[in-house]
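Peer 1: Could you have a look at this structure, given as structure tokens, before my questions?
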Amino acid sequence: MRDHRNSPFRDASLDRNTASHVPDTVQTRSPAYRLAFADEEFMFREELRPVRLQLELLKPQLLLDEHQIESTIVLFGGARIPRPSEAASARTKTLAELSHFYDEARSFAQLMTRKSIASNGREFVVVTGGGPGVMEAGNRGAADEGGKSIGLNIVLPHEQAPNEFVTPELCFNFHYFAIRKMHFLMRARAICIFPGGFGTLDEMFESLTLIQTGRMDRVPFLLFGRAFWEKIINWDALADAGTISPEDLDLFRFVETAEEAAGIVENWEPAPPRSDIPGR
């Protein structure tokens, strides 16, 4: 009789279970005898890296498809930005001053999640890196509205755990930064950048480069906190130097509030990718 896969072939999980009950002999104890897909030692070999890359791309893809998620709202931002209630204990005065962006991220996620719920959870689903700070605020805002949100965590040397507001069924963990970045952008309806550090800057510039070079459709690209971003990056100097074109400065917008950002997302006219790069 065929199994649920509608296939005449024996199920792999059934064979794995059967193989675990074979007689104990010197042959069956040999690593060579293990089923390849159930052999962790084999799967961790250097030569298997392409397979592991494929698996990290495929697992979230399948689960997101099963949840019928078609578009996302990407929130990037610093893990060190505290909740406003904890601003007094922030490591620096600047972090304390930036704490209000926690509330803005939370409010923006609430607004987007209302739109998501109206689409039966298929569109405008908030996705964050799944950690603390701005990431927590984004997932928390979605949970406030009773909606789902995605957390794309990454294994780091220090002990960590996903924030408590990520939807458990959409809480992923990655080994490869590159695959994680792909999942951030593959369904992106908008990209929202809050103040942050190296990780936020990395994600911001990589996403911006994809749009600049025409490798990705134009989507709302929103930088929360003009004062912060103009202080740490001299955007005009890049244009003046000719390393970017003045037109590249139109690829993003500065915003200050959740309502302002939501208005841009809601009124955005779909735009195709660039066909050429100005100044090249």
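Peer 1: What does the charge count near Arg83 come to, summing +1 for each Lys or Arg and -1 for each Asp or Glu among other residues with Cβ under 11 Å from its Cβ? Mind dumping the intermediate values first?
Peer 2: On the way: positive: Arg106, Arg140; negative: Glu86, Asp103, Glu136.
So the surrounding residues net to -1.
Peer 1: Among Thr257, Pro162, Phe221, which residue has its Cα furthest toward the positive end of the charge dipole of the range 67-266, with +1 on Lys/Arg Cβ and -1 on Asp/Glu Cβ?
Peer 2: Pro162
Peer 1: Share of Cα-Cα pairs in the range 235-280 beyond 12 Å, in percent? Don't skip to the end; give the middle numbers.
Peer 2: Numbers: 726 of 1035 pairs.
Tail of P(r) above 12 Å: 70 percent of Cα pairs.
Peer 1: Neighbouring Cβ atoms within 10 Å as the yardstick, rank Met216, Met186, Met204 fewest first.
Peer 2: On the way: Met216 18, Met186 13, Met204 21.
With the sparsest Cβ surroundings first, the list reads Met186, Met216, Met204.
Peer 1: With all pairs of different alpha carbon atoms counted, what Kirkwood hydrodynamic radius in Å does the chain show?
Peer 2: Values: mean 1/r = 0.0476 Å⁻¹.
When all Cα pairs of the chain are included, the Kirkwood radius is 21.0 Å.
Peer 1: Sum -39500 (n - 2.57) across every DSSP H segment of at least 4 residues in the chain, then divide by the residue count to get the 222 nm mean residue ellipticity, nearest 500. Walk me through the numbers before you get to the answer.
Peer 2: Details: 11 runs with 113 residues, N = 280.
So the helix-based figure for the chain works out to -12000 deg cm²/dmol.
Peer 1: Net charge near Leu63: determine it from the other residues with C-beta under 13 Å of the C-beta of Leu63, scoring Lys and Arg +1 and Asp and Glu -1.
Peer 2: Numbers: positive: Lys59, Lys148, Arg187; negative: Glu56, Asp65, Glu66, Glu169.
Every neighbour counted, the sum reads -1.
Peer 1: Here is a further query. I'd like the chymotrypsin sites (Phe, Trp or Tyr not before Pro) in the range 128-187 restricted to DSSP loop residues with at most 16 other Cβ atoms within 10 Å, sorted by number.
Peer 2: Tyr176
Peer 1: Sticking with this one: For the range 67-266, compute the number of Lys pairs whose alpha carbons are separated by less than 29 Å, excluding pairs fewer than 8 positions apart on the same chain. Spell out each step's value before the answer.
Peer 2: Numbers: Lys93/Lys231; Lys115/Lys148; Lys115/Lys181; Lys148/Lys181; Lys181/Lys231.
Pairs that pass both the separation and distance tests number 5.
Peer 1: For the range 41-185, which semi-axes, largest first and in whole Å, follow from the square roots of 5 times the eigenvalues of its Cα gyration tensor?
Peer 2: Numbers: eigenvalues 154, 90, 20 Å².
Gyration-tensor ellipsoid for the range 41-185: 28, 21, 10 Å.
Peer 1: Taking Rh as the Kirkwood radius, which is the inverse of the mean 1/r over Cα pairs, what is the Rg/Rh value for the range 12-85? Can you show the working numbers first?
Peer 2: On the way: Rg = 20.3 Å, Rh = 16.7 Å.
Ratio of gyration radius to Kirkwood radius for the range 12-85: 1.22.
Peer 1: How would you rank Ser275, Ser119, going from fewest to most other Cβ atoms within 10 Å of each one's own Cβ? Intermediate values should be presented prior to the final figure.
Peer 2: Values: Ser275 6, Ser119 13.
Sorted ascending by nearby Cβ count, the order is Ser275, Ser119.
Peer 1: Between the range 128-205 and the range 30-102, what is the C-alpha centre distance in whole Å?
Peer 2: The distance from the Cα centre of the range 128-205 to that of the range 30-102 comes to 7 Å.
Peer 1: Loop-only check: which trypsin sites (Lys or Arg not before Pro) in the range 166-242 are DSSP coil with at most 12 other Cβ within 10 angstrom?
Peer 2: Numbers: sites: Arg180, Lys181, Arg187, Arg189, Arg215, Arg218, Arg226, Lys231; in loops: Arg187, Arg215.
Answer by residue number: Arg215.
Peer 1: Taking loop as defined by DSSP and a crowding limit of 14 other beta carbons within 10 Å, which chymotrypsin sites (Phe, Trp or Tyr not before Pro) in the range 3-42 fit?
Peer 2: On the way: sites: Phe9, Tyr33, Phe37, Phe42; in loops: Phe9.
Sites meeting the loop and neighbour criteria: Phe9.
Values quoted throughout were computed directly from the atomic coordinates according to the rules given, and no laboratory measurement underlies them. In this text the structure is predicted, and so the values were computed from the model without any measurement. Cβ sites come from the backbone with ideal geometry, for glycine too, and all protein chains shown count toward neighbours.
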